[in-house]
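In what follows, a single structure is set out as structure tokens and then discussed.
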Amino acid sequence: MTKKRIILALLGIFTVAMLVLGCGGGTSKQTPSSVAKNEKQVLNLFSWADNFSPEVLAEFEKKYNCKINYDVFANNEELLAKIQAGGAQYDLIQPSDYMVSTMVKLNLLEKLDKSKIPNMKNIVKTLQNPSYDPTGDYSVVYTWGMTGIVYNKKYVEDMPTSWADLWNPAYKGRVILLNDNREVFGMALKKNGFSNNSTDKEQLDKAFSDLKTLAPSVLAYDTDTIKQKFIAEEAWIGTMWSGDASFTYKDNKDIGFVIPKEGTLIWADTFAIPKGAKNKELAEKFINFMYEPKISAQNYEYIGYNDPNEKAKEFHSQEFLKDPMLKVAVDDVNQGEWLKDIGDGITLYDRYWTELKTIK
Amino acid sequence: MKKTWRTSALFAYSLAILAFLYLPLLILTLYSFNTSRINAVWTGFTFNWYISLLHNTRVIEALTNSIIIAAISTFISTVLGTMAALALNRYTYKYKAVINGLLYLPILIPEIVMGLSLLVLFSQTSIPLGKTTLILAHITFCLSFVIITVNARLEGMHKDLEQAASDLYATPWQTFRYITFPLALPGIIAGALIAFTLSIDDFVISFFVAGPNSTTLPLYVYAMVKRGISPEINALSTALMFATISLIIIAQVLQPQHTSTKKGKE
């Protein structure tokens, strides 16, 4: 009989607990996390996987006596869906460049209180007013990179300087292009001196016909295993992000990376605060903390991306400062053009992209 | 002669099917022991990726989340499912077939539809997304599986033992406690194990209803792939796979046999 009572009591407790937890958000301001963690402040961070040095996160938790809940997403569209659905209460998110402008348009972001983030001024000037957020009111650049030509010096003897070098027949079957519509067409548009945001049919037709002549040389359109293909020397030349090029270089010292003279695509992941964030203040403290010179040096050495913090140079290792791949993206940062949301213009890209991929 | 030819052909065919099913998993497992970061080249045997997983606080956090969510939703769905199965099995009522059908329907509904509908429900009722919503969602889809498993066990049980107990003046509770429950136990445990496995493995539904502080292991693996497929992901997937397989094997062993009225298989 006693066992029965215990089971019943347990069940009762469970039901009540579930009801309290479940209805809490609807009726009062308490969230499950604040109930569970009582006094400690909580920062709900929604970001890419493995995007921070764990030590730096731990240091922030210690300094501000808080707990960071670090949840992850795999692409911008997923992030947008979660934020739009509401319900998910994140304090700090990391949208990429074009997603910032989309979210601003949809009124999903809070304005940042710049007086609370004095370290923002440590950021490289060229990245302070990017076209997707011209006033810099909604976002701060966290990581950035550029698409360039990656090549293996063993097989590609002359350093490439132009996108046109990908069309060299000597590299037939050894070319890899990123598996992304805007990347591939943006590259072909740039090759012809157009903007990579072009929606002009004539310009796109030119880009498309160029890509069709390149198609037989292409080994693969690949983003996920592109590094492996270059390390294993299956591919000789192709398009790659500067950050990935830096990783590839670590495993194969014959790898080179250049930003072609026609210019290229630049991207950034940013910090932004979604509308209705519970703990905006702590989120701003976190952003500010991340741009403290010493902290940012430690952080970027870990994640292996460019450090946008100008004041951090003295704290970086020589190895980091001299990394040829990262240096390229710093030196040529003005060569970059941000991708814009081109609205319905994307349908033509999509059609050509599908057609392009059927060519063998 | 003809017969042996046929059996060997059948045997080869079965092997081919098995290879088709298990080769990808085998390769994944193999590369999780590779010293090189690159999936393309085999350079040597190592446990390093497993060790580095254990030192990764994010992975441990995701694992803890997964286990907490699976444990709670398994417990609740098993209790609710067992009660439902008992009711379905013991009583006759109007529209029984319809109600039975409705209970099994969640198994057939595409996961993505279920995930989306749960997300809409939660945001309509402004329940904040997080562990709570994940647990509620997992209970929802585990329930049907528990009911089916327990029900199968109850169907295979003869009523005579329970009737004998009542004849001997056992109260309904005593009958349940000392006769019905122990007899149904293998089915209940099997149901619980299936629920646990489903919860640990679930990606699609969790993807929709996860919120702050509730990244589960499958969600984490998915987000990690963005950074390129590393041996750590292979190691993590291998670990996840083996945990799942062992749970399923246990559930299989405990699964009620066709005609037996005795406990499980042993």
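Observations on the model:
- 3J(HN,Hα) couplings calculated from phi for region B:107-113 with the Karplus curve 6.51 cos²θ - 1.76 cosθ + 1.60 (θ = phi - 60°) are, in sequence order, 5, 8, 5, x, 4, 5, 5 Hz; Gly and Pro show x.
- Relative to one another, the C-alpha centroids of region A:137-209 and region B:132-177 are positioned 64 Å apart.
- With Cα atoms, 0 to 90° folded angle of helix B:2-31 axis to chain B main axis: 60
- For region B:44-254, the Kirkwood hydrodynamic radius comes to 19.1 Å, computed from all pairs of different C-alpha atoms.
- Amide H partners (placed H, <5 Å) of A:Asn306, local residues excluded: A:Trp144
- Reachable aspartates and glutamates from A:Lys105, criterion Cα separation under 14 angstrom, eight or more residues apart if same chain: A:Asp97, A:Asp133, A:Asp137, A:Asp341
- Part-to-part distance (alpha-carbon centres) for region B:189-207 and region A:300-327, which is given in Å: 44
- Signed unit charges on C-beta, dipole axis of region B:44-254, positive-most listed residue B:Tyr91, B:Leu129, B:Ala223: B:Leu129
- Cα centroid separation - region A:61-102 against region B:13-79, whole Å: 27
- Residues with amide H under 5 Å from that of A:Asn51, placed H, sequence gap 5 or more: none
- Over chain B: helical MRE at 222 nm, DSSP H runs n ≥ 4 each giving -39500 (n - 2.57), nearest 500: -24500 deg cm²/dmol
- Charge sum, other residues only, whose C-beta stays under 13 Å from B:Ala85's C-beta, Lys/Arg counted +1 and Asp/Glu -1: +1
- Chymotrypsin sites (Phe, Trp or Tyr not before Pro) within region B:1-68: DSSP coil, no more than 12 neighbouring Cβ in 10 Å: B:Phe47
- Region B:85-189: chymotrypsin sites (Phe, Trp or Tyr not before Pro) in DSSP loop, at most 10 other beta carbons within 10 Å: B:Tyr91, B:Tyr93, B:Tyr95, B:Tyr169
- Couplings 3J(HN,Hα) for region A:224-231, derived from phi with the Karplus relation 6.51 cos²θ - 1.76 cosθ + 1.60 (θ = phi - 60°), are 6, 10, 4, 4, 4, 5, 7, 5 Hz, where x marks Gly and Pro.
- The longest part of chain B holding none of the exposed loop trypsin sites (Lys or Arg not before Pro), meaning those outside H, G, I, E and B in DSSP with at most 11 other Cβ atoms within 10 Å, is B:160-261.
- Loop-resident sites, region A:48-150, for trypsin sites (Lys or Arg not before Pro), counting at most 15 other Cβ within 10 Å (DSSP): A:Lys111
- This model, with +1 at the C-beta of Lys and Arg and -1 at the C-beta of Asp and Glu, gives region B:44-254 a dipole about its Cα centre of some 240 debye.
- From least to most packed, judged by other beta carbons within 10 angstrom and beginning with the fewest, A:Cys66, B:Cys142 follow the order A:Cys66, B:Cys142.
- Under 5 Å from the amide H of A:Val218 lie the amide H atoms of A:Gly173, each residue being 5 or more positions distant or on a separate chain, with H modelled from the backbone and absent for Pro and chain starts.
- Relative contact order (%) - criterion: Cα under 8 Å, at least six apart; region: chain A: 25
The numbers here are math on the coordinates, done by the rules we state, and not lab data. As the structure is a prediction and not an experimental result, all values here were calculated from the model. Heads up, the Cβs are rebuilt from the backbone with ideal geometry, glycines too, and the neighbour counts pull from every protein chain shown.
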